[in-house]
Structure formats: C-alpha cells, structure tokens
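Engineer: Right, I'll just put the structure down here and ask away after.
The values are calculated or read from the model by the stated rules, or taken from the named source; none is laboratory data. Please read these numbers as outputs of a predicted model, since none were measured by experiment. Every residue, glycine as well, gets a Cβ built from its backbone with ideal geometry; the counts of neighbours run over all protein chains shown.
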Amino acid sequence: MRIVVVGAGLGGVAAAVGLHRLGHEVTLFERGAELREAGTGIVVMPNGLRALDTLGLAEDIRGHVTHATGGGLRDWRGRPLLVTDLTQAQQVIGTPVMIDRAELHRALRAPLPADVVRTTTLVERLEPDATGVTVISEGGPVARADAVIAADGIGSKLRAQLFPGHPGLRRTGRMDLRGMLPRPADLATDLLASQLVDRRSGAMFGLFPVGDSRLYWFTDSVLDGTPPDAAEAREQMLSLMADWHPLVTALIEATPPADIYVDPITRLAEPLPSFVAGRIALLGDAAHAMPPDLGQGASQAFEDAAAVTRHLIDAEPADVAERLLRYDAERRPSANRMMRAASRQSRLTSQTGVAAWLRDTMLRAVPSRLATRQLAALWKA
Ligand SMILES: Cc1cc2nc3c(=O)[nH]c(=O)nc-3n(C[C@H](O)[C@H](O)[C@H](O)COP(=O)(O)OP(=O)(O)OC[C@H]3O[C@@H](n4cnc5c(N)ncnc54)[C@H](O)[C@@H]3O)c2cc1C
C-alpha cells in the first residue's frame, strides 16, 4: 500500500518507520531542508517507551535513563510540597528517559532509508476521492496515496483543512523557556526531577539531568502579549526568580541566550471530533496539542504511531477507512484524556493567591506513598 506521512517531527518519523517496516511503500514529506529536531531535552515517559518498543525503536533510547531518585513539587525556595519517590514509581511502571531532542530524533529516523524521505516539500493540502488521496505541495501534486498520516505538528494546516469548523489553537497565556547546560560539579541533587512553583507569581521552574554530564531546565510563567526574544526573556526570568532557590538563577545565568528556547504555550481550543477523515489520519500534536506540563506530548505521538502501525498491518487499499476508524477509536479517548489532564496540571501549577496557598497546604498533607502511586498511575495512562 502507498502511505504518505506529512511531517518529520518525532511522531511522523516514528510512524514512517513503523509503516515502512510493515512493508508498505512509505513517503515522508517534510517542509524543512533536512531531518532534524531543534531544542533542548525531552522526557519520554514509560508509556511512550512502551510504544517505541512495539515499533522496535526503544533500544537506543533506553540507554538514556533518568538517574534521579527524588521528584515532585517544591515551593520557590526548594522546600518540599509534594514528594514522590521516583525509584519506587519506576519499579511499578517503568523508567522515563530524559534525552537530548536531537539525539532522540536521530535514533528514531536511523532505520529510514533515504529514498523514503522528501525534504523541502511543504504539503499545502490533501485531495481525497473514492480511490485514494492526492497530496498537493506548492508546485502541484507530489504523490498519490492509499492512506495519509498527517503529523504536521501543533500548527497543522491539514487539521484545519479536515476540520474547518474546529476553532484550532488557543494560547494559554503562558510561556516556557528551556535551556541545557553542562552539569555543575557541586549540584544540589535533591532538586533534580523536581518542579518549583511560586504561589506569588504562578511561575514554575523544573530541572532534569540529561545523561551524567548535562542538565535540562525549563520555566513556565505568564506571557503578556508577544513573546520576548531569548535574551530579554532570560532577563525577565532572572528578575522574576531573584529570590528563588539560588540554584535556579545560577543555572539560568549560566545558560547563554543562544541556548535558550522561548515558546508561547498553545493547546487545542477543544478536542477534535475525530482523528480521522476517510483515508487520512491525524497524529501527534496535529491531533491533540496539549500544554507541556505532564511531559506527554511526544509520548502520546509515539502511542499514535504504534497504534496506526498496528491497525495497518496487512491492510489493503480497500480496508484503509475502516482500519483508521479503529485507530481513532483506540487513540482519541485516551489522548484527549491526557490533553485535559495536562491543561488541569497547567492550571494547578500556575495558580496564585488564596487558591495557590490552599494548593500548597493540601499538597504538603499528601503522604509520599500516595503521591508516588498517583505519579505511577499517570505514567501508566
Ligand atoms: C516547551 C515545551 C516542552 C515540551 N516538553 C516535552 C517533554 O518533555 N516530553 C514530551 O513528550 N513532550 C514535550 N513537549 C511536546 C512535544 O515536543 C511535542 O508533543 C512533539 O514534539 C510533537 O511531535 P509531532 O511529530 O506531533 O510534531 P512536530 O515535532 O511539531 O513535527 C511536525 C513536523 O512537520 C513539519 N511540517 C509542518 N507542516 C508541514 C507541512 N505542511 N508539510 C510538510 N511538513 C510539515 C514540521 O517542519 C515538523 O518537522 C514539549 C513542548 C513544548 C512546547
């Protein structure tokens, strides 16, 4: 069967590998000039790793295990609010991986033969008819397919084409800064894998090790208007977090603006009525863009890739619409549940005032065993 995948991000590449390994004739279109993933670190949760296992893609990635035993939420000075035991949660559910985004993308795309990939091709629209789908780029038709997997990311053109009545993306009024740097020798390890929250401003800072030699940090704070550039955003964060745990400002200061990424946070305004329209399926952020608060965006995309691959085993062109409906039935309820949970988590960590004071008081009262069980349940999702 001829299958086109649009978008060579983490989700699209994983799906292209899975479908190619089934023996389908896959073409992967990417608008960029090369296959790459920019950015800092990324957490792949145990559910994402299990999905990559079924695609035969997890082996390399499992080497990047997160060596952190603590975790949970702390206040801005680093005092514990909700303490989880990562080691215990990992024994129940499996281990998350913290990996450099570029390394993850490299490992995922390694099995793809070069002739499967067409870079510098922006897919403008899809024209489905009774027997297949014509894929249209800026210069005209570029392929004819029996099935199309649209993995064109959070700003998906194809989602808008398939569901013109859907309101699309909504800004959450927050921005994230992300940075990666060499791990200082004298690092206070009790903060690793923790998130610090500040009930006065609603800002958040998180910290993870990437291998043994690097650190990945991220912040989340209010965004008024247009996102600032990296240098200005870094200054804003240093001023906002001036009286936080000293490690926070030390790490931000040690990261040059060129290594800092600034993202306004957006999510789907509402869940899609379907991930599928006939022979076309949406996958990853195109289907369920969510705030990054649960670190689940890519893991959900990997679950999509594993599911669409499984449902297209031995498929013939005449089966596609029916098989993709099974993909939708499997993935839409759980991905939408995760999207709602991520929005809830985002609201919880960004609270201010009395609500945040109550949140902190309640979190302090949750026993570590219960918090760990809840963390494990979340990863299992
Ligand atoms: C600040 C931040 C932190 C995050 N942290 C985590 C984390 O720790 N863990 C986690 O799991 N997730 C995290 N996420 C989410 C995660 O990055 C995304 O969910 C994931 O990258 C989505 O992958 P994707 O393949 O669906 O889309 P993308 O990675 O966006 O890929 C889309 C691809 O399609 C291409 N494309 C777009 N349009 C077209 C077109 N018309 N024609 C051809 N090509 C096209 C693009 O160039 C791109 O290569 C985070 C997100 C943010 C913003």
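Engineer: Is there a residue in region 158-173 that is over 30 Å from R125 (Cβ atoms) and crowded, with 16+ Cβ neighbours inside 10 Å?
Structural biologist: Scanning region 158-173, I find no residue that is over 30 Å from R125 (Cβ atoms) and crowded, with 16+ Cβ neighbours inside 10 Å, so the answer is no.
Engineer: Take the residues of region 292-338 that are part of a loop (DSSP other than H, G, I, E, B) and near the ligand (Cβ under 8 Å from one of its atoms): which is farthest from S156 (Cα to Cα)?
Structural biologist: In this case the residue turns out to be G295.
Engineer: Can you name every residue in region 57-103 that is under 17 Å from Q296 (Cα atoms), modelled with pLDDT of 85 or more and part of a strand (DSSP E or B)?
Structural biologist: V97, M98, I99, D100
Engineer: Oh, and also: Which members of region 263-291 meet the condition of being among the basic types (K, R) and near the ligand (Cβ under 9 Å from one of its atoms)?
Structural biologist: none
Engineer: Any residue at all in region 72-90 that's hydroxyl-bearing (S, T, Y) and within 16 Å of the ligand (Cβ to nearest atom)? Explain how you work it out, then say what you get.
Structural biologist: Step one: filter region 72-90 for residues hydroxyl-bearing (S, T, Y), giving 84, 87.
Narrowing the set further to residues that are within 16 Å of the ligand (Cβ to nearest atom) leaves none.
Taking every residue of region 72-90 in turn, none turns out to be hydroxyl-bearing (S, T, Y) and within 16 Å of the ligand (Cβ to nearest atom).
Engineer: Next question. Of the conditions (1) crowded, with 20+ Cβ neighbours inside 10 Å; (2) within 11 Å of the ligand (Cβ to nearest atom); (3) touching a residue at least 40 places away in the same chain (Cβ under 8 Å); (4) at negative phi, G206 fails just one. Which one is it?
Structural biologist: Evaluating G206 over (1) crowded, with 20+ Cβ neighbours inside 10 Å; (2) within 11 Å of the ligand (Cβ to nearest atom); (3) touching a residue at least 40 places away in the same chain (Cβ under 8 Å); (4) at negative phi leaves (3) as the failure.
Engineer: Output the residue which, of all residues in region 17-35 that are out of contact with any Leu (no Cβ under 6 Å at 6 or more places or on another chain) and farther than 19 Å from A306 by Cβ, is farthest from the ligand (Cβ to nearest atom).
Structural biologist: Looking at residues that are out of contact with any Leu (no Cβ under 6 Å at 6 or more places or on another chain) and farther than 19 Å from A306 by Cβ, I get E25.
Engineer: Looking for whichever is away from the ligand (no atom under 11 Å from the Cβ), within 19 Å of the chain's Cα centre (by Cα) and of a type in the set (G, A, S) here; the options are A8, A58, A38, A14. Which one fits?
Structural biologist: Of the residues listed, the single one that is away from the ligand (no atom under 11 Å from the Cβ), within 19 Å of the chain's Cα centre (by Cα) and of a type in the set (G, A, S) is A58.
Engineer: For the structure I just gave you, tell me whether D229 is surrounded by fewer than 16 Cβ atoms within 10 Å (Cβ to Cβ), acidic (D, E) and modelled with pLDDT under 95. Walk me through how you get there before you give the answer.
Structural biologist: Working: surrounded by fewer than 16 Cβ atoms within 10 Å (Cβ to Cβ): yes; acidic (D, E): yes; modelled with pLDDT under 95: no.
Judged against the criteria, D229 is not a match.
Engineer: Could I ask something else about it? Where in region 109-184 are the strands (runs of 3 or more DSSP E), entirely inside, with at least 3 residues that are more than 21 Å from R2 (Cβ to Cβ) and within 14 Å of the ligand (Cβ to nearest atom)?
Structural biologist: Fully inside region 109-184 and qualifying: 169-182.
Engineer: Among the residues of region 102-116, which ones are buried (at least 16 other Cβ atoms within 10 Å of the Cβ) and either out of contact with any helix residue (DSSP H, G or I) (no Cβ under 8 Å at 6 or more places or on another chain) or among the acidic types (D, E) (or both)?
Structural biologist: Within region 102-116, just E103 meets the criteria.
Engineer: Just to be sure, is E127 farther than 30 Å from L215 by Cβ and acidic (D, E)? Step through it out loud before you land on a result.
Structural biologist: Numbers: farther than 30 Å from L215 by Cβ: yes; acidic (D, E): yes.
Judged against the criteria, E127 is a match.
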